[in-house]
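Written out below as structure tokens is the structure these notes cover.
The values are calculated or read from the model by the stated rules, or taken from the named source; none is laboratory data. None of the values given here were measured: they were computed from a predicted structure. All Cβ positions, even for glycine, are placed from backbone atoms using ideal geometry, and neighbour counts span all protein chains on display.
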Amino acid sequence: MFLHIKHPLTRKQIYLQLLLIVILAAAFTSCQNEKPARKVVFKARPVEPVDTVKYPNALITSLHRKNRWVDSVFRRLTPDERIAQLMIVEAFSNKGQEHAEDVLHLIRRYKVGGIIFFQGGPVRQAKLTNRFQAASKVPLLISMDAESGIGMRMDSAIQYPLPMLLGAINNDSLIFRMGAEIAMEFKRLGMHLNFAPVVDINNNPANPIIGYRAFGENKNDVASKSLAYMLGMQSQGIIATAKHFPGHGDTNTDSHHDLPVIPYGRERLDSLELYPFRELIKAGVGGIMVAHMHLPKLDSTTNLPSTLSKPIVTDLLKKELRFGG
């Protein structure tokens, strides 16, 4: 058989093809003689048990200590500005300049007290935080709802295991270390408050919003693991928030869209749902998030959510459980 070449190769093209053959042959020989990859073994660092005595109630104590700077700033605020300090507005670092200007308007016009960041990226969020802080009359409280780390909300960041998975491990010190690592990520981004951990008892399989966000269905496990997470966070100076008071586990209604009704009274709540909250309050948790639920046996006001209930927030949480955060 004859091969007809319409356009014969030039001398330069022949040399280039020969050079390519030599290079490929050398690469193949190198691969054949290459030593097997060195096996890398990662050794885990020893983990100490969580010792609650090492982490006294310093955060809560500091909140009640007189502070000249805070007092002087507060005295200069108008009544409207003082009310605005209770308001936290949402911000996204992936929504562009128009959204950023909307947030800046709220800061400048209404003097809001804080920001909660949602989706975006670390670098973009850090830049926005600097802009927002520069525009605020009073330093903003910067927060995020990051139960499994900042990777839960933003790209290019670590997302740690979900609470349900952590509920299956025996060494709570690992959860403490995770909480501390998350706190350090918060500090790098100029944040102060994490709306976590979830301390609800996962005792209703039909619950549409708790599920894997809870540490489990056993009140003792939930208390010990959420305590380790909280202590880890606050050991690095970040405020942790136990939620959703007085317990959002046993409902099949999503409180983001409707008002769940919890039919239980104090006997049931004291024996189950309130237990983790009591333990974290005793250990000095900095924040409590109250759930949007109706508990008619605690407050009979028709359709009143627990967030607006004096018997639940003031009488039960602040006075009886002595929450001072």
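Tell me whether the range 283-303 contains one or more residues that are buried (at least 17 other Cβ atoms within 10 Å of the Cβ), part of a helix (DSSP H, G or I), at pLDDT 95 or above and under 28 Å from the mean Cα position of the chain (by Cα). The answer is no; no qualifying residue exists.
The rows are residues; the columns are (1) touching a helix residue (DSSP H, G or I) at 6+ places or on another chain (Cβ under 9 Å); (2) more than 21 Å from GLY286 (Cβ to Cβ); (3) without any contact (Cβ under 8 Å) to a residue 12 or more places away in the chain.
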position	(1), (2), (3)
ILE83	no, yes, yes
ASN94	yes, yes, no
LYS111	yes, yes, no
GLY114	no, no, no
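For HIS256, the conditions (1) crowded, with 16+ Cβ neighbours inside 10 Å; (2) in contact (Cβ under 8 Å) with a residue 12 or more places away in the chain all hold with the exception of (1). Selection of the range 63-79 for residues being exposed (fewer than 11 other Cβ atoms within 10 Å of the Cβ) and without any contact (Cβ under 8 Å) to a residue 12 or more places away in the chain yields ARG65, LYS66, ARG68, TRP69, ASP71, SER72, ARG75, ARG76, THR78, PRO79.
The condition (being under 16 Å from the mean Cα position of the chain (by Cα) and of a type in the set (Gly, Ala, Ser)) is satisfied by just one residue among ALA206, ALA214, ALA223: ALA214. Among the residues of the range 236-251, are any surrounded by 24 or more Cβ atoms within 10 Å (Cβ to Cβ) and at positive phi? Yes, there is a match, as at least one residue in the range 236-251 is surrounded by 24 or more Cβ atoms within 10 Å (Cβ to Cβ) and at positive phi. Residues being surrounded by fewer than 20 Cβ atoms within 10 Å (Cβ to Cβ), within 11 Å of the chain's Cα centre (by Cα), touching a residue at least 40 places away in the same chain (Cβ under 8 Å) and under 23 Å from VAL73 (Cα atoms) are entirely absent from the range 125-139.
Screening SER226 on (1) within 18 Å of MET289 (Cα to Cα); (2) out of contact with any His (no Cβ under 9 Å at 6 or more places or on another chain); (3) surrounded by fewer than 24 Cβ atoms within 10 Å (Cβ to Cβ) shows it passes everything except condition (3).
Checked against the criterion of being among the small types (Gly, Ala, Ser) and surrounded by fewer than 20 Cβ atoms within 10 Å (Cβ to Cβ), the candidates GLY179, GLY190, GLY167 yield just one match: GLY190. Filtered by the rule that a residue be touching a residue at least 60 places away in the same chain (Cβ under 8 Å), touching a helix residue (DSSP H, G or I) at 6+ places or on another chain (Cβ under 7 Å) and either closer than 19 Å to GLY114 by Cα or not hydroxyl-bearing (Ser, Thr, Tyr) (or both), the range 189-236 gives LEU189, GLY190, VAL199, ILE201, ARG213, LYS225, LEU227, ALA228, LEU231, GLN234.
Among the residues in the range 108-125, are any under 27 Å from MET289 (Cβ atoms), hydrophobic (A, V, I, L, M, F, W, C) and part of a helix (DSSP H, G or I)? The answer is no; no qualifying residue exists. Among the residues of the range 188-203, those identified as closer than 13 Å to GLY247 by Cα and under 14 Å from the mean Cα position of the chain (by Cα) are PRO197, VAL198, VAL199. Apart from one condition, ASP200 fits all of (1) more than 13 Å from MET233 (Cβ to Cβ); (2) surrounded by fewer than 21 Cβ atoms within 10 Å (Cβ to Cβ); the exception is (2). With respect to the conditions (1) touching a residue at least 60 places away in the same chain (Cβ under 8 Å); (2) outside any loop (DSSP other than H, G, I, E, B), GLY324 falls short on a single one, namely (2).
Scoring PRO161 on the criteria (1) assigned to a loop (DSSP other than H, G, I, E, B); (2) in contact (Cβ under 8 Å) with a residue 24 or more places away in the chain; (3) within 13 Å of the chain's Cα centre (by Cα) leaves a single failure, condition (2). Residue check: is PHE118 under 28 Å from SER226 (Cβ atoms), modelled with pLDDT of 95 or more and aromatic (Phe, Trp, Tyr)? So PHE118 passes the test.
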